[in-house]
Amino acid sequence: MPLTIWLIAGGIFAMVTSEFMAAGLLPAIAPDVGVPIGQAALLISGFAAGQVIGAWLIGMPLARFGPRWILAGLMVVFAIAQTIGTLSPWPAMLALRFVSGAAMSAFFATALSVSVRIVPDRLQSRATAAIFTGVTVGTTLGLPLATLAGRLLEWRWAFHLDTILVLVAAAAIVSAMPRLAGVAPLPFREMLRPLRDARLWVLFGTAGLAIGATLAGFGFFSTILERVTGVDPTVVPWLLALYGLASVVGNTVVGRLTPRGPTLVVAIGLVVLTAGLLAFWLAPTSVPVVLLALVVIGVTGVSLNPAHTARVVERGGSGPAVTSMLPTIVTGGILLGTALGGVAADAFGVLSPLLLGAVMSLLALGSLLPELLARRSRTVPAGITESTPVCPAA
């Protein structure tokens, strides 16, 4: 695997950590900037809003230029916006948080496009898995790392340290990444042509539901572990770290298995994810069951992203429009899962997001059935002899 892939993953980790850092530092940020903590939470929503549109407004127009300087430039923009934002009054801080999210989304879309260009076909799924490692580690460890930094340092310095890491990654990418030409410029309508494929939108929906299924429950893991399972609060961060480690392992395993059949990998992963969420929901007071559920959810869930990406690229190609949709789908899945999980928890109790996640996972699995049945119908029936002419197996 080229060093460039891991450097890009490191940059994504730094930016994703910044995304979740705000959640861990809200108690310190809110009184310092003079806003209620609920209003300060807009720093998270503003970042996510920038992610939704950044790949489209920035990533697609810049796709015609060489990706090395585009990636580094987007990281510099991110670093400048974050630094100025932390030193600015509230309205400017929120606006620059939006800019940071947009820059990260454009970086992510460009990184996915680059990852499938600089490795052989047989390594493409592993390359995208490596890219998603930055997302996985940043998502699962960003919040505890930020909370720890907030206890040891003034909250602005926690962001400044993250900014330094972003700039180091930018410099490393410039020095290590090979020179690549940009994508040949096309009329905007032609760039969007792959998105006319209705089947492609089904693949996007599967990915969004799978991500949302995981995040619906993830936001309440700590609360359930403390209030229902009865785990000592000092042990909870270690259990979340176990989940994070399982996610990293799962991401790597999925990347290696995807070339054998991404749809089958997604299908098996969703079955396992559903089982893990249901087990957690049914036996939340059993420590062994909870530990196993955390590992199972971590190994699947968000870790299926490399297989989702392989399915999307296989269907729609790796053009700017398709790669720009991927960060949007990831962010949309996170927003959908966390929003619905919050509503469910308020209405039906803290365990209900786990059941909601299982339902969303089953819906994602259901979206695979037409493709799985079509593939099965093309396989060779049992008992057919070698002399019998058959269609090639899928």
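The values are calculated or read from the model by the stated rules, or taken from the named source; none is laboratory data. Quick caveat: nothing in here was measured; it's all calculated off a predicted structure. When we count neighbours, we look across all protein chains shown, and the Cβ atoms used for this are built from the backbone with ideal geometry, even at glycine. Surface accessibility is based on the protein's heavy atoms, side chains included, excluding ligands, DNA and RNA. Shrake-Rupley method; radii C 1.70, N 1.55, O 1.52, S 1.80 Å.
Anything in the chain that counts as a DSSP H helix reaching 27 Å or more along its axis (C-alpha) with Kyte-Doolittle mean of at least 1.0? List them, would you? Write out the running numbers ahead of the final one.
Values: long enough: 3-33 (42 Å, 1.53); 67-86 (28 Å, 1.34); 90-115 (37 Å, 1.28); 124-152 (40 Å, 0.79); 155-176 (32 Å, 1.46); 198-218 (30 Å, 1.43); 236-257 (31 Å, 1.32); 262-282 (30 Å, 2.27); 320-348 (41 Å, 1.32); 352-377 (38 Å, 1.15).
Long hydrophobic helices here: 3-33, 67-86, 90-115, 155-176, 198-218, 236-257, 262-282, 320-348, 352-377.
Could you tell me the center-to-center distance, by alpha carbons, between region 101-116 and region 296-316 in angstrom?
Cα centroid to Cα centroid, the span is 17 Å.
How big, in percent, is the set of alpha carbon pairs in region 38-144 lying more than 18 Å apart? Let's see the in-between values first.
Details: 3113 of 5671 pairs.
Everything past 18 Å amounts to 55 percent.
Between Arg64 and Met1, take the C-beta separation as r, use R0 = 22 Å, and let me know the FRET efficiency to the nearest 0.05. Don't skip to the answer; put the middle values down first.
Working: r = 27 Å, r/R0 = 1.22.
The pair Arg64/Met1 has a calculated efficiency of 0.25.
To the nearest 10 square angstrom, how much accessible area does Leu304 have with a 1.4 angstrom probe?
About 0 Å², rounded to the nearest 10.
Show me 9-22, 257-270 ranked by packing, highest mean number of other Cβ atoms within 10 Å first. All intermediate terms of the calculation are to be shown ahead of the outcome.
On the way: 9-22: 25.1, 257-270: 20.2.
Those peptides, ordered most packed to least, come out 9-22, 257-270.
Tell me, in nm to one decimal, what length is gained between Thr223 and Ile80 on full extension, where the rule is 0.36 nm per residue of separation less the Cα-Cα distance?
On the way: separation 143, 0.36 × 143 = 51.48 nm, distance 3.53 nm.
48.0 nm is the gain from fully extending Thr223 to Ile80.
Write down the accessible area per residue of region 257-315 in Å², having rolled a 1.4 Å probe over the full set of protein chains.
Working: 2250 Å² over 59 residues.
I get 38 Å² per residue for this part.
Write down the accessible area per residue of region 78-157 in Å², having rolled a 1.4 Å probe over the full set of protein chains. Can you show the working numbers first?
Values: 3000 Å² over 80 residues.
Per-residue value: 38 Å².
Between Arg117 and Asp346, 0.36 nm times their residue separation minus their Cα-Cα distance comes to what? All intermediate terms of the calculation are to be shown ahead of the outcome.
Working: separation 229, 0.36 × 229 = 82.44 nm, distance 4.56 nm.
Length gained, Arg117 through Asp346: 77.9 nm.
With equal scatterers on the alpha carbons only and no solvent term, can you work out the Debye log10 of I(q)/I(0) for the chain at 0.06, 0.12 1/Å?
-0.23, -0.93
Could you pull the accessible area for Ile53 with a 1.4 Å probe, rounded to 10 Å²?
We get 60 Å² for Ile53.
In a shell of Cβ-Cβ distance under 11 Å around Val266, excluding Val266 itself, what net charge do Lys and Arg (+1) and Asp and Glu (-1) give? The partial results should precede the final answer.
Details: positive: Arg311; negative: Glu371.
My count for the surroundings of Val266 gives 0.
Which value results for Rg/Rh of region 235-286 when Rg is the Cα radius of gyration and Rh the Kirkwood radius based on the inverse mean 1/r? Provide the component values of the computation, followed by the final result.
On the way: Rg = 13.4 Å, Rh = 12.6 Å.
We get a ratio of 1.07 for region 235-286.
Sort Asp121, Asp32 by accessible area with a 1.4 Å probe, largest first.
Numbers: Asp121 125, Asp32 80 Å².
Accessible-area ranking of Asp121, Asp32, largest first: Asp121, Asp32.
Run the accessible area of the chain with a 1.4 Å probe and give the carbon-and-sulfur part as a rounded percent.
Numbers: 12100 of 16940 Å².
Of all accessible area on the chain, carbon and sulfur atoms account for 71 percent.
Please give the Cα centre distance for region 273-295 versus region 26-60, rounded to the nearest Å.
Region 273-295 and region 26-60 have Cα centres spaced 32 Å from each other.
Report the accessible area of Leu242, computed with a 1.4 Å probe over the heavy atoms of all protein chains in place, in Å² rounded to the nearest 10.
Counting only protein heavy atoms, Leu242 exposes about 60 Å² to solvent.
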